[in-house]
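Presented below is the structure to which this report refers.
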Amino acid sequence: MRLRTGGQIDRSTQISFRFDNRWYKGHPGDTLASALLANGVRLMGRSFKYHRPRGPLTAGSDEPNALVELRSGGRQEPNTRATVIELFDGLRAQPQNAWPSLSFDALAINDRLSPVLTAGFYYKTFMWPAAFWEKLYEPIIRRAAGLGSITTKPDPDAYDKGFLHCDLLIIGAGPSGLMAALTAGRAGARVILADEDFRMGGRLNAETFAISDRAGSDWAAQTLAELATLPNLRLMPRTTVFGAFDHGIYGAVERVSDHLPTPPMGKPRQTLWRIYTKRTLLCAGALERPIAFAKNDRPGIMTASALRAYVNRWAAAPADTAAVFTNNDDGHRTAADLIAKGVKVAALIDTRPDAPTIAGTELLAGAQVIDTSGRLGLTGITVKLANGETRKIKTGALGVSGGWNPTVALTCHQRGRPAWDDSIAAFTPAGDLPPGMTVAGAAEGQFSTHAALAGGAAKAAQALDDLGITARTPDLPQAEDAPTKITPFWHVKGDKRAWLDFQNDVTVKDVKLAHQEGFRAVEHLKRYTTLGMATDQGKTSNMGGLAVMAELTGATIAQTGTTMFRPPYTPVAMGALAGRSTGPDFRPTRLTPSHHWAKEQGAEFVEVGMWLRAQWFPRPGEKTWRDTVDREVRATRASVGVCDVTTLGKIDVQGRDAAAFLNRIYCNGFAKLAVGRVRYGLMLREDGIAFDDGTAARLAEDHFVVTTTTANAVAVYRHMEFARQCLWPDMDVQLISTTEAWAQYAIAGPNARKLLQKLVDPAFDISNDAFPFMACAELTICNGCPARLFRISFSGELAYELAVPTRYGDALIRRIMAEGTEFGVTPYGTEALGVMRIEKGHAAGNELNGQTTALNLGMGRMVSDKKDSIGAVLSRREGLNTPDALKLVGLRPKDPQTRIPAGAHLLETGTRTIAAHDLGYVTSACYSPTLDSYIALGFLKAGDTRMGQTLRAASPLTGEDVPIEVTSPHFVDPEGERLRA
Amino acid sequence: MIIHHPLLGPCDAQEFTYMGDARLIDRPDGMAEGSDAAFHDYAYLRENPAGEHRELWFHEQGDRSWLVVTRNTLTHEITQVELARDVARKQGRSR
């Protein structure tokens, strides 16, 4: 119900929202949980295992119970905590883990089965037979388990990533955080103040005590107003700092538009921030922990501070009568605040026999709550009084306080372990904090408002002092300074189930069972019972669980220790982690200089690394891609074809030692390559395996242009820089990647020279005598356009590669096509390129697959032993040079029209298809329009001695088994007459 | 992590490509008699210390320097960053 006055909600505006198929009304400033409570709804979810009815346990991000599915369609979000969902008009949420309805859930039968469904139930029950797992057990368990369901539709919203830098990051905007921000902000330091709540102020918004002469929430608002005027300070509400990473880097998620029905135009839904800070002040406050007692999970039972927050901040009472169960003085505040707000408090039950008295309600000192009633919501509690009598008390709400746990999570993200402090019965930050981090306020175990204000100011000044910035501590406003008075009390003894972990349904009994079965270390306890392993990561449950374990083992809590805290502090959406890197934007797309022209021609494109390359150029009437590719190959071999080869890596190598350097990078010799000549080069890895191949053209005595394969351009460049800087630091050689600086076209076919002669300026002679095979030159084309010409051939035809500065790439392809009309010049794509290189027997990526050596590739003799080159020594290892080493061979099917499956293995005819008979494998396969036959390349044991043999290529995957003949890999023009023509 | 590049100042580790043990600088002489064993060790054996480690990082999205970074593998504390070229020269490498 909604109280008639009070609360930080805008009562002048009413907004509608829908939950569990019903419409309700709330106000701006509400959370979904507070608005539902105001509407008399306590039941908000079902528990994970027993499907028990549940309402909110907390009023913040530590919520284990009130999990809902928010929004619908592509925006549907499961496991969203109703306690932190900011209410907006038209909000729709559905309960989850309940079928057919929230108030009647069929799987609540699990609750009746609870004596069986104890910790380790699944481990013990579904052990055998193993075959039952996949078909029977797993589907059943999967259907019963799990919380919300995820949508399979794409998320329509954008997520951003951003970077921030500051001197001081303050995490948490409660009294200590605000005071710290005031101190650091006024000193002129670059400050970020981040808080997960949409309303900054922390507990000040949920409490009634004053700061100076005004309400705590008013002081917070006023302080925030001043902070907002400081240009050096950034206020970040709705921002959760979820992880402390190395070297002062923090991860944070800002919920930019989660409080709106849909993100505004151009705004992301959430932003993932990477914050680089010199110092960090953790002011994350503390979280109240419950006490375990029989049936302590009914809707209406919550932490005392949550009950207080709902009443004070949201003017929402879960019921008109409440009770409080506490072991410390703070619980008394809840009772007092409820009374002040007109909520009847039936009783204040304090486990301490010497509890202080309270006005306005009956104090039951030395008493314990031993049972509760109410099927879908609390109706009453049973209390065992100090004198041993029991009393039943009618109440619709119960606030429980077992004390407060400082929020130490972020202090532990770099191996830090908190230490137990008996005076407040809680763990506080200790040792191995992330470098540069200090802690203030309740997070440090300083629970009074005065201590929080003072600590925030002092710690901020100290952090700035470290950085050489002088800060004056502001005058501290007056605030309460009550000492922490608590007598630890963890659970009420009894036979009935008493919940510790509400979300994963772990009870005191389960911890006892874990103890009995030997899972006594906290990390074992956690994994055996799943305590603290739910989406709330045990914020409200871990402490109780390990206290019970400590009691059972007879050890102290300090000796028992805690489990590890790891990022993220609260769940982070995958969308936020992905940012803009989704779909086609997952990585950059690189376009070739001829891309737009190729698109105009109707080319099909294929992704090669990050590049989009034309795969083929279909023409009207061609029914399949094969028709197109066959035509492109035939046309090129018959007259002339052109292909964009810009994507090949290009590395400019200059310096007096350029030749000597390349001589060490390539396994074959480069020292004596003449100026104006090109040579094929093979690079090895240091372990002797082939790394990459390409050409190096010597444009001048001290200037080479090296090409790499498209896929390895980055790796080869990195490797060459390593050799240059780390291995031979005094060589006079410089490298630069020029892949994108030059547009390069392969012009191939018997008419290639005739076509080129129309382009190259007449001053340059490119006749066969003047510009033979493997020549290169810098020249001009088309009346003065600078260009580089290389007479190299991947297709086996008379061929050239012509390069111009990238900005002329588009003009050049159009010019080539225009000038080539008389020869019927045909553009070809990567597929025809691949077919022609297989026909010619050139190795490519499929053959240079990271497992093959120069010997395997048929280039064993290229590895020079006259010089030291990378990989040469280990390439001579015995194991890589056995007589039956794999050799690159050509393969032709006995029936030319039967395809050879790529990846098939080569076996003797008549043997069984088993690994023991394996002779090698097929690496590249295609249909050769030149030979009118399918062909393939592959590696075959002692392949050079098997020419003419009949084997079979078997692919157990596809069921194909093709008789083939072993041939030379050079199917077309083995003598190389065409390319020298 | 943040790497303090000797020329460029603090840079995010994301700008770098990692290669591993800085002993890769100590490449044996391939023309020396019986260098196989030395090359085997060079190519395959690495220290994997729990503690201080000297390792190679390439500033791939920066100035393309290779750096030798001394990093504690337990705490990620970085105590020294040098240009790999300087280190190589100090170790007697030249041409």
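The values are calculated or read from the model by the stated rules, or taken from the named source; none is laboratory data. Note that the coordinates shown come from a computational prediction; the quantities given were computed from them, not determined experimentally. When we count neighbours, we look across all protein chains shown, and the Cβ atoms used for this are built from the backbone with ideal geometry, even at glycine. Calculation scope for accessible area: heavy atoms of the full protein, side chains included, ligands and nucleic acids excluded. Shrake-Rupley method; radii C 1.70, N 1.55, O 1.52, S 1.80 Å.
Details
- Loop-resident sites, region A:827-868, for trypsin sites (Lys or Arg not before Pro), counting at most 12 other Cβ within 10 Å (DSSP): A:Lys866
- All lysines inside 26 Å of A:Lys887 as judged from Cα atoms, apart from same-chain residues fewer than 8 positions distant: A:Lys840, A:Lys866, A:Lys867, A:Lys941
- Averaged over peptide B:27-35, the number of partner chain Cβ atoms lying within 10 Å of each residue's Cβ comes to 4.
- Under 5 Å between amide hydrogens, built in the peptide plane, is the criterion, and for A:Glu960 it picks out A:Ser955 among residues at least 5 positions away or on other chains.
- By the rule of a C-alpha distance below 14 Å, with chain neighbours fewer than 8 residues away ignored, the aspartates and glutamates paired with A:Lys526 are A:Asp501, A:Asp505, A:Asp510, A:Glu517, A:Asp536.
- A probe of 1.4 angstrom, applied to the heavy atoms of all protein chains, finds A:Ile249 with accessible area near 10 square angstrom.
- Within the accessible area of region A:882-967, the carbon and sulfur atoms contribute 54%, probe 1.4 Å, all protein chains present.
- Mean-position separation - Cα centroids, region A:1-20 and region B:1-21, in angstrom: 52 Å
- Average beta carbon contacts from partner chains per residue of A:868-874, 10 Å cutoff: 5
- Residues of region A:220-259 whose accessible area, computed with a 1.4 Å probe over protein heavy atoms, drops by at least 20 Å² once all protein chains are present relative to their chain alone are A:Asp246, A:His247, A:Ile249.
- Listed by chain and number, the aspartates and glutamates whose C-alpha is less than 19 Å from the C-alpha of A:Lys894, apart from same-chain residues fewer than 8 away, are A:Glu839, A:Glu908, A:Asp932, A:Glu960, A:Asp961, A:Glu965.
- A 1.4 Å probe, protein heavy atoms only, puts the accessible area of A:Lys485 near 110 Å².
- Residue order for B:Arg64, B:Arg85 - accessible surface, 1.4 angstrom probe, largest first: B:Arg64, B:Arg85
- Summary of the geometry: region A:698-718 and region A:243-296, compared by the centres of their Cα atoms, lie 47 Å apart.
- Accessible area buried between chains B and A, both sides summed, probe 1.4 Å, in Å² to nearest 100: 3100 Å²
- For A:Gly162, residues with placed amide H under 5 Å, excluding near neighbours: A:Leu272, A:Trp273, A:Arg274
- Å² per residue, accessible surface of region A:310-364 at 1.4 Å: 30 Å²
- Shape call, region A:301-402: gyration tensor on alpha carbons, a/c limit 1.5: oblate
- Cα shape, the protein assembly as shown, gyration tensor, a/c 1.5 rule: prolate
- Karplus-based coupling profile of region A:567-572, in residue order and whole Hz: x, x, 4, 10, x, 10, with θ = phi - 60° in 6.51 cos²θ - 1.76 cosθ + 1.60 and x standing for Gly or Pro.
- Filter on A:Lys25/A:Lys539; A:Lys25/A:Lys267; A:Lys599/A:Lys650; A:Lys25/A:Lys496 - keep pairs with C-alpha separation over 29 Å: A:Lys25/A:Lys539; A:Lys25/A:Lys496
- Cross-link table A:Lys295/A:Lys394; A:Lys295/A:Lys512; A:Lys49/A:Lys392, entries beyond 21 Å C-alpha to C-alpha: A:Lys49/A:Lys392
- For A:Thr909 and A:Lys623, the difference between the fully extended length at 0.36 nm per residue and the C-alpha to C-alpha distance is 99.3 nm.
- Under 5 Å between amide hydrogens, built in the peptide plane, is the criterion, and for A:Thr395 it picks out A:Gly380, A:Ile381 among residues at least 5 positions away or on other chains.
- Reducing region A:525-552 and region A:835-893 to their Cα centroids gives an inter-centroid distance of 59 Å.
- Shape category assigned to region A:882-967 from the gyration tensor of Cα positions, a/c cut at 1.5: oblate
- Accessible heavy-atom area order of A:Trp314, A:Trp742, A:Trp23, highest first, probe of 1.4 Å: A:Trp23, A:Trp742, A:Trp314
- Residue by residue, region B:34-46 carries 3J(HN,Hα) couplings of x, 7, 4, 5, 4, 5, 4, 4, 4, 7, 10, 9, 9 Hz when phi is fed to the Karplus relation 6.51 cos²θ - 1.76 cosθ + 1.60 (θ = phi - 60°); x denotes Gly or Pro.
- Here the Karplus curve 6.51 cos²θ - 1.76 cosθ + 1.60, taken at θ = phi - 60°, turns the phi angles of region A:370-384 into couplings of 10, 6, 9, 9, x, 5, 9, x, 4, 10, x, 10, 10, 10, 9 Hz, with x standing for Gly and Pro.
- Complex-versus-alone comparison for region B:63-95, residues with a loss of 30 Å² or more in accessible area, probe 1.4 Å: B:Arg64, B:Trp66, B:Leu74, B:His76, B:Arg85, B:Arg89, B:Arg93, B:Ser94, B:Arg95
- Buried on complex formation within region A:709-739 (loss of at least 30 square angstrom of accessible surface versus the isolated chain, 1.4 Å probe, ligands and nucleic acids ignored): A:Tyr717, A:Arg718, A:Phe722, A:Gln725, A:Cys726, A:Leu727, A:Trp728, A:Pro729, A:Asp730.
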